[in-house]
Amino acid sequence: MSTPETLVLALLLLLGLASIFYALLALLQVRRWLDEPAPSSSAEVPPLTLLRPLKAGVPALRAKLDALVEAMRPGDQLVLGVAEGAAEAGVCEELRAAFPGREIIVVSCGAGAALNPKISKLVQMTPHARHAHWVLSDSEALIDAAWLDAFRREWLASGAEALTAGYRFVNLATWPQRLDAAATLFELWPGLAVVRRFGRVNFTLGACTGLRRADVESVGGWAAFGDFLAEDNRLGAALAKAGRTIRLSAQVATLDSDPLSWRDYWRHQRRVAVTYRVCNSVGFLGMILVNGTVASMELVVFAAFPGTWTGTCVLSAVAVQLVRWLCFRALGKELRFSIPLLFPVMLAAGAVQIACGCMARSFPLVWWVGRRWRVSHAGRLTPVP
């Protein structure tokens, strides 16, 4: 090979090694993170207001809400937000009737309090919240008593103003569900592990977050984030800027996978890519570079050129993917995050990440809650007619 070809091969091999190093680093840091002893405190855990804005079409909604009610301690309050006229309202009213000894408030939420539908509900829900400490969770979250007790004890003992939980998906029956969940295992968790070990947490996650009313109000309340696509990230950034401490929890939240068609999956990954770009443009570029699929694909293409070390290129491409698969399989076991057919899912999800990442800057349009939106560089939403 010529000198330029040798340099290109060396660069591609370095990219492949970087992707392996990143996956291995994520595995080691998550293992260390989850093995840390839980913080302890003799102080009494204060009562909570559990906030759950509900979206349409959540599978087994009643079972999820039953578990959440069973997780409540005496004095806790549950505030549910449902869209006006939605079928979920009937489920919530049945829940309230089934647990007359619990404080359950169902808020019928009109549209238009904010562009972001989740924030629109929260704006209308929080006037009903009695307590100073809130736990906000997603519609799909599977929260039981043991998990919530551990989460609230960790929050109190940590001394952090906010505690936010990473998440895993279950019930991954279809290929779109598996590919969608793969982005969480391959992209979100390595990023969380690295930030927790080497950086400062300046974001919150949507699955489950503990917050104090006073802190949310000090940064403008929910309405301050009503025009943003990634409201959880913007909230965390505002809290961190105001000097509040945010901690990543050792408790991993479990989310029930949404039913997804191929179109749903593609739209969601487009939205995820745009969200990552507007939240952290440097980290977004870094994720593309350590994707592993990029280097492997380029090595295979490079192998086709005459005079190149074809065998070295192909074997290197295969080795990169095999080592990454072993790392992510081990990471999934640590997190109890099982994705069937992980190896082909990893290859396909990596290719989709590249495609969506390339489109995220040039085509900042996303499909969300039944309509199309334009997303500004700062992450603000504008409806597209």
_Tell me whether the stretch 193-203 contains one or more residues that are in contact (Cβ under 8 Å) with a residue 60 or more places away in the chain, closer than 25 Å to VAL290 by Cα and of a type in the set (Val, Ile, Thr)._
yes
*Hey, among ALA26, ALA67, ALA113, which residue is in a loop (DSSP other than H, G, I, E, B) and either touching a residue at least 24 places away in the same chain (Cβ under 8 Å) or closer than 26 Å to ARG212 by Cβ (or both)?*
ALA113
*Does GLU84 satisfy the condition of being more than 18 Å from LEU255 (Cβ to Cβ), more than 24 Å from the chain's Cα centre (by Cα) and at pLDDT below 95?*
yes
*asked:* For the stretch 33-56: of the residues being in contact (Cβ under 8 Å) with a residue 24 or more places away in the chain and in a helix (DSSP H, G or I), which is surrounded by the most Cβ atoms within 10 Å (Cβ to Cβ)?
replied: TRP33
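For every residue, the table says whether it meets (1) farther than 18 Å from CYS356 by Cβ; (2) surrounded by fewer than 20 Cβ atoms within 10 Å (Cβ to Cβ).
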residue	(1), (2)
THR209	yes, no
ALA224	yes, yes
ALA238	yes, yes
GLY243	yes, yes
SER257	yes, yes
ASP264	no, yes
ARG271	no, no
ARG277	no, no
ASN280	no, yes
*Here are some residues: PHE337, PHE305, PHE284. Which one is part of a loop (DSSP other than H, G, I, E, B) and at pLDDT below 90?*
PHE305
_Unique residue being crowded, with 18+ Cβ neighbours inside 10 Å, under 30 Å from ARG130 (Cβ atoms) and of a type in the set (Lys, Arg) when the list is ARG234, ARG213_ = ARG234
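Residues are listed down the side, and each one gets a yes or a no for (1) crowded, with 17+ Cβ neighbours inside 10 Å; (2) hydroxyl-bearing (Ser, Thr, Tyr):
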position: LEU61; (1), (2): yes, no
position: GLU70; (1), (2): no, no
position: GLY112; (1), (2): no, no
position: LYS118; (1), (2): yes, no
position: VAL135; (1), (2): yes, no
position: LEU148; (1), (2): yes, no
position: TRP155; (1), (2): yes, no
position: SER158; (1), (2): yes, yes
position: GLU161; (1), (2): yes, no
_Please verify whether ILE105 is more than 29 Å from THR275 (Cβ to Cβ), hydrophobic (A, V, I, L, M, F, W, C) and not in a helix (DSSP H, G or I), treating the condition exactly as stated._
yes
_Going by what's in this entry, would LEU122 be described as surrounded by 18 or more Cβ atoms within 10 Å (Cβ to Cβ), within 22 Å of GLU231 (Cβ to Cβ) and at pLDDT 95 or above?_
yes
*Which number in (1) outside any loop (DSSP other than H, G, I, E, B); (2) β-branched (Val, Ile, Thr); (3) in contact with a Ser or Thr (Cβ under 9 Å, 6 or more places away or on another chain) marks the one condition that VAL195 misses?*
(3)
*Residues within the stretch 122-175 that are in a helix (DSSP H, G or I), more than 21 Å from LEU331 (Cα to Cα) and not hydroxyl-bearing (Ser, Thr, Tyr), tallied*: 18
*asked:* Can you find a residue that is closer than 29 Å to GLN29 by Cα, in contact with a strand residue (DSSP E or B) (Cβ under 6 Å, 6 or more places away or on another chain) and modelled with pLDDT of 90 or more anywhere in the stretch 356-376?
replied: no
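The values are calculated or read from the model by the stated rules, or taken from the named source; none is laboratory data. Computed from a predicted model, the values in this text were never measured in an experiment. With ideal geometry, Cβ positions are generated from the backbone for all residues, glycine too; neighbour counts draw on all protein chains shown.
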